[in-house]
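Engineer: Next up is a structure, given as structure tokens.
The values are calculated or read from the model by the stated rules, or taken from the named source; none is laboratory data. Since the structure is predicted, the reported quantities are computational estimates derived from the model, not experimental observations. FYI the Cβ positions are ideal-geometry reconstructions off the backbone, even for glycines, and counts take in every protein chain you see. Keep in mind that these areas ignore ligands, DNA and RNA; they rest on the heavy atoms of the full protein, side chains included. Shrake-Rupley method; radii C 1.70, N 1.55, O 1.52, S 1.80 Å.
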Amino acid sequence: MGSPEIDPDALAAIRDERVDWRDKALPAAVFGQTIGEVADAGLDLFADGFVGPFVVLDDEALTHNLTTMAQWCARHGMSHAPHGKTTMAPQLFARQLALGAWGITAANISQLRVYRAFRVRRVQFANELVDPAGLRWVAKELARDPDFEFQCWVDSVAGVELMTSVLRDARVTRPVDVLVELGAPGGRTGARDLDTARAVGAAVAASPVLRLAGVAGYEGVLSHDTTPEGLRRITDYLGRMRALVVLLAAEGRFADVPEVIVSAGGSAYFDQVAAVFSQEWPAGLHVRPVLRGGAYVSHDDGLYRDLSPLGRTARLTDAPPLRPAFRAWAQVMSRPEPDLALLTLGKRDVSFDEGMPEPQAMRTAAGQFGTLADCRVDKLSDQHTFVVGRSLPVAVGDWIGLGLSHPCTVFDKWRLLPVVRGTRVVDLIRTYF
């Protein structure tokens, strides 16, 4: 290996960045200090001047999730390129890579530029790349760093022609690896049938500046439940992906690559991906199956708690369940009705696209902690959360701790996320959205 998986000096530089008024919720007393100084100070969320609302990551749950998924992939013969768009946090990328992740997945050029600022060595670009400016930038990056490994997707002959034209004009120094994306009717991108996908593969193989490296797709859009019918749709689709690999191999389309990549996987059906892709492949066909799920890092108290194979209704028994790592804390600002509490929390702070926050805990103004039950978030506005329940046991000034659903739309709301043990800060995670 010619270079590390991620640049340790760039990671260390994060801790040298100074915090200020742009960093939500931090105590004003730490403005001007470095991230490293604040992370090492052992601050308490409720005693040292944090202003609500704030969102934190539980250190034990975070470590458990990272380790559990790494071990599960290793046991099942799956390479893992977790989707970085979930967290956009190079500090977490580094932990994933240290635990054996094969690479990191990106979805657009802006994300890729963040990764490359930290010299992430191997990236799968899980999308079509048809932006001429982006293609030219990738060509320069491939020339600048011979250790940079890059793959992107394509789902049409028109896409192949566009990429070929731009990269040829850019005088790309080495072929760009491309995966044919197979989709499904009603899905997102991706060739809708095997014949179309085979034609795309043939066009890639014929391009002087592209190299056909495998097949990719995303199964999560095809089902949103774990009913037998929903799971069958996923398995059928993965079977078509597998068939496409075999067909393209039989046509000699992978002659120039040492291994064929077959890549799928969000955070809801990775067990089925492993079951289909870990089956024996035809003799002489060296296949690397790659999972891309990213939400496992924090897991959640909603969407993935219900859908993940390692969630609340776990479909798997060979690994411990993932743990929700996120918690939001907000104060009760108003008790205008007996069954209503308004919190200092809103859409600008937490996710709401795949389920409302879930009231779970409370801390009284006197510092006593307790649990909450028989209440729910009825609605969320920009800066207010409406908690309803009969005879709510909270008063103005109390804090409520909430579980969150869909981590992909939590991380992007916070530039700095405290990592905590109990109420004590042990680290700060910097995001780059």
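Engineer: Could you check the spin-label model distance between residue 280 and residue 224? Points 7 Å from the Cα along Cα→Cβ, value in nm.
Structural biologist: Distance between label points: 4.1 nm.
Engineer: Next up: Provide the FRET efficiency to the nearest 0.05 for the residue 10-residue 390 pair, computing r from the beta carbons and using R0 = 35 Å.
Structural biologist: Taking R0 as 35 Å, the efficiency between residue 10 and residue 390 is 0.10.
Engineer: If you don't mind, there's one more thing I want to ask. Stretch residue 231-residue 161 to full length: gain in nm at 0.36 nm per residue minus the Cα-Cα span? It would help to have the intermediate numbers written out before the result.
Structural biologist: On the way: separation 70, 0.36 × 70 = 25.20 nm, distance 3.58 nm.
The span from residue 231 to residue 161 would gain 21.6 nm if fully extended.
Engineer: With every protein chain kept in place and ligands, DNA and RNA left out, what is the accessible area per residue of the chain? Probe 1.4 Å, answer in Å². Can you show the working numbers first?
Structural biologist: Working: 17620 Å² over 433 residues.
The answer is 41 Å² per residue.
Engineer: So if each residue of separation counts as 0.36 nm, and I subtract the Cα-Cα distance between residue 74 and residue 98, what length gain in nm does that give?
Structural biologist: Values: separation 24, 0.36 × 24 = 8.64 nm, distance 1.33 nm.
Taking 0.36 nm per residue and subtracting the Cα distance, the gain is 7.3 nm.
Engineer: Per-residue counts of other Cβ atoms within 10 Å, averaged by peptide: what ranking do you get for 52-62, 7-17, 36-46, highest first? Before the final figure, lay out each step's value.
Structural biologist: Working: 52-62: 20.3, 7-17: 13.8, 36-46: 16.9.
Highest-to-lowest ranking by the protection proxy: 52-62, 36-46, 7-17.
Engineer: Further, regarding this structure: Can you compute the modelled spin-label distance between residue 145 and residue 247, with each label point 7 Å from Cα toward Cβ, in nm?
Structural biologist: The answer from the label model is 3.6 nm.
Engineer: State the Cα centre-to-centre distance between the range 246-275 and the range 174-220 in whole Å.
Structural biologist: Cα centroid to Cα centroid, the span is 11 Å.
Engineer: Something else: In debye, nearest 20: dipole of the range 37-152 around its Cα centre with unit charges on the Cβ of K, R (+) and D, E (-)? Before the final figure, lay out each step's value.
Structural biologist: Numbers: 11 positive and 13 negative charges, 150 e Å.
Taking the Cα centre of the range 37-152 as origin, the dipole is about 720 debye.
Engineer: Suppose only helical runs count, i.e. DSSP H with n ≥ 4. What mean residue ellipticity at 222 nm does that imply for the chain under -39500 (n - 2.57) per run, divided by all residues and rounded to the nearest 500 deg cm²/dmol? Write down the numbers at each step before the final one.
Structural biologist: Working: 11 runs with 122 residues, N = 433.
Mean residue ellipticity at 222 nm (helix-derived): -8500 deg cm²/dmol.
Engineer: Calculated FRET efficiency, residue 379 and residue 136, Cβ-Cβ r, R0 60 Å, to nearest 0.05? All intermediate terms of the calculation are to be shown ahead of the outcome.
Structural biologist: Numbers: r = 46 Å, r/R0 = 0.77.
Plugging the Cβ-Cβ distance into 1/(1 + (r/R0)^6) gives 0.85.
Engineer: Can you check what the Kirkwood hydrodynamic radius comes to for the range 265-324, Cα pairs only, in Å to one decimal? Don't skip to the answer; put the middle values down first.
Structural biologist: Working: mean 1/r = 0.0802 Å⁻¹.
Result for the range 265-324 stands at 12.5 Å.
Engineer: Determine ³J(HN,Hα), in whole Hz, for all residues of the range 353-369 in sequence, where each value follows from phi through the Karplus function 6.51 cos²θ - 1.76 cosθ + 1.60 and θ = phi - 60°; x replaces Gly and Pro.
Structural biologist: 6, 10, x, 6, x, 10, x, 10, 9, 9, 9, 6, 4, 7, x, 8, 9
Engineer: OK, next. Suppose a student asked you for the relative contact order of the chain, using Cα pairs under 8 Å spaced at least 6 residues apart; what percent would you report?
Structural biologist: Numbers: 936 pairs, mean separation 81.1, N = 433.
Computed over the chain, the figure is 19 percent.
Engineer: Sort out for me the Cα centre separation of the range 98-117 from the range 42-84, rounded to whole Å.
Structural biologist: Spelled out, the Cα-based centre of one part sits 18 Å from the other.
Engineer: So, one more: Could you list the residues of the range 357-388 with an amide nitrogen less than 16 Å from a label point located 7 Å from the Cα of residue 340 in the Cα-to-C-beta direction?
Structural biologist: Those under the cut-off are 376-388.
Engineer: If you take the alpha carbon radius of gyration of the range 45-203 and divide it by 2.2 N^0.38 Å, what ratio comes out, to two decimals?
Structural biologist: Working: Rg = 18.8 Å, N = 159, 2.2 N^0.38 = 15.1 Å.
Cα Rg divided by the expected 2.2 N^0.38 Å: 1.25.
Engineer: Under the Karplus relation 6.51 cos²θ - 1.76 cosθ + 1.60, θ = phi - 60°, what is the ordered set of whole-Hz ³J(HN,Hα) values for the range 41-54, x standing for Gly and Pro?
Structural biologist: Going residue by residue, I get 7, x, 5, 9, 4, 10, 10, 10, x, 5, 10, x, x, 9 Hz, with x marking Gly and Pro.
Engineer: Report the full-extension gain for the segment residue 22 to residue 193: residue separation times 0.36 nm, less the Cα-Cα distance, to one decimal in nm.
Structural biologist: Numbers: separation 171, 0.36 × 171 = 61.56 nm, distance 4.84 nm.
Extra length available between residue 22 and residue 193 comes to 56.7 nm.
Engineer: Expressed as a rounded percentage, what relative contact order does the range 227-363 have, with Cα pairs under 8 Å and six or more residues apart? Please report the intermediate quantities before stating the final value.
Structural biologist: Values: 142 pairs, mean separation 22.7, N = 137.
RCO, the range 227-363: 17 percent.
Engineer: Tell me the label only: which of (1) 22.3; (2) 21.4; (3) 23.1 is Kirkwood radius over Cα pairs in Å as calculated from this structure?
Structural biologist: (3)
Engineer: State the percentage of accessible surface on the chain attributable to carbon and sulfur atoms; use a 1.4 Å probe and exclude ligands, DNA and RNA.
Structural biologist: Percent of accessible area from carbon and sulfur atoms in the chain: 51.
Engineer: Let me ask something additional. With 17 Å as the cut-off, how large is the P(r) tail for the range 111-157, expressed as percent of Cα-Cα pairs?
Structural biologist: Working: 301 of 1081 pairs.
Within the range 111-157, distances greater than 17 Å cover 28 percent of Cα pairs.
Engineer: Here's another thing I want to ask about it. Mind pulling the per residue volume of the convex hull built on the Cα atoms of the range 334-430? Å³ is fine.
Structural biologist: Values: hull volume 9.9 nm³, N = 97.
Enclosed volume per residue, from the Cα hull, is 102 Å³.
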